[in-house]
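The values are calculated or read from the model by the stated rules, or taken from the named source; none is laboratory data. None of the values given here were measured: they were computed from a predicted structure. So basically every Cβ, Gly included, is an ideal-geometry build from the backbone, and we count neighbours across all protein chains shown. For accessibility, only protein heavy atoms count, side chains too; no ligands or nucleic acids. Shrake-Rupley method; radii C 1.70, N 1.55, O 1.52, S 1.80 Å.
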Amino acid sequence: YRSRKESESAVVIPVFEDSGTLLALMPRGRILISASGAAPSETGLPRLPPGFRYTDVVKWGSSLVVPWEETSFTDVARAGLLVYPLPAR
């Protein structure tokens, strides 16, 4: 995914697939949910402080497990996991 048409850099979008449902972690902690035959929906994760970012998404039962980290170029400082309830559909 390119963040702008004229941009030469790309953004990595982590995607998790579970029984035909796709979960995509978008920039700024937005989760797109797409199930086969249904219109996509979106939910937001809690906002992280400046310098922190979400890095992946996994569905575990009725929850999302989302790692986060504080980054400074190639170094990682604080990091952790957010276990967040998956919105009811």
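Per-residue counts of other Cβ atoms within 10 Å, averaged by peptide: what ranking do you get for 41-51, 60-70, highest first?
60-70, 41-51
Please work out the Cα center distance from the range 14-45 to the range 66-89, rounded to the nearest Å.
So the separation of the two Cα centres works out to 17 Å.
If I take every Cα pair under 8 Å that is 6 or more residues apart in the range 1-84, average their sequence separation and divide by the length, what percent do I get for the relative contact order?
18
Per residue, how much accessible surface does the chain expose to a 1.4 Å probe? Answer in Å², no decimals. Present the calculation step by step, with values, prior to reporting the outcome.
On the way: 6330 Å² over 89 residues.
For the chain, the solvent-accessible area averages 71 Å² per residue.
How large a share of the accessible area of the chain, in percent, is made up of carbon and sulfur atoms when the probe is 1.4 Å and the other protein chains stay in place?
Carbon-and-sulfur percentage of accessible area, whole number: 55.
Express the C-alpha Rg of the chain as a ratio against the empirical globular expectation 2.2 N^0.38 Å, rounded to two decimals.
In units of the globular-protein estimate, the chain measures up at 1.15.
Label points 7 Å out from Cα along the Cβ direction at Ala38 and Asp56: separation in nm?
So the label points at Ala38 and Asp56 sit 2.5 nm apart.
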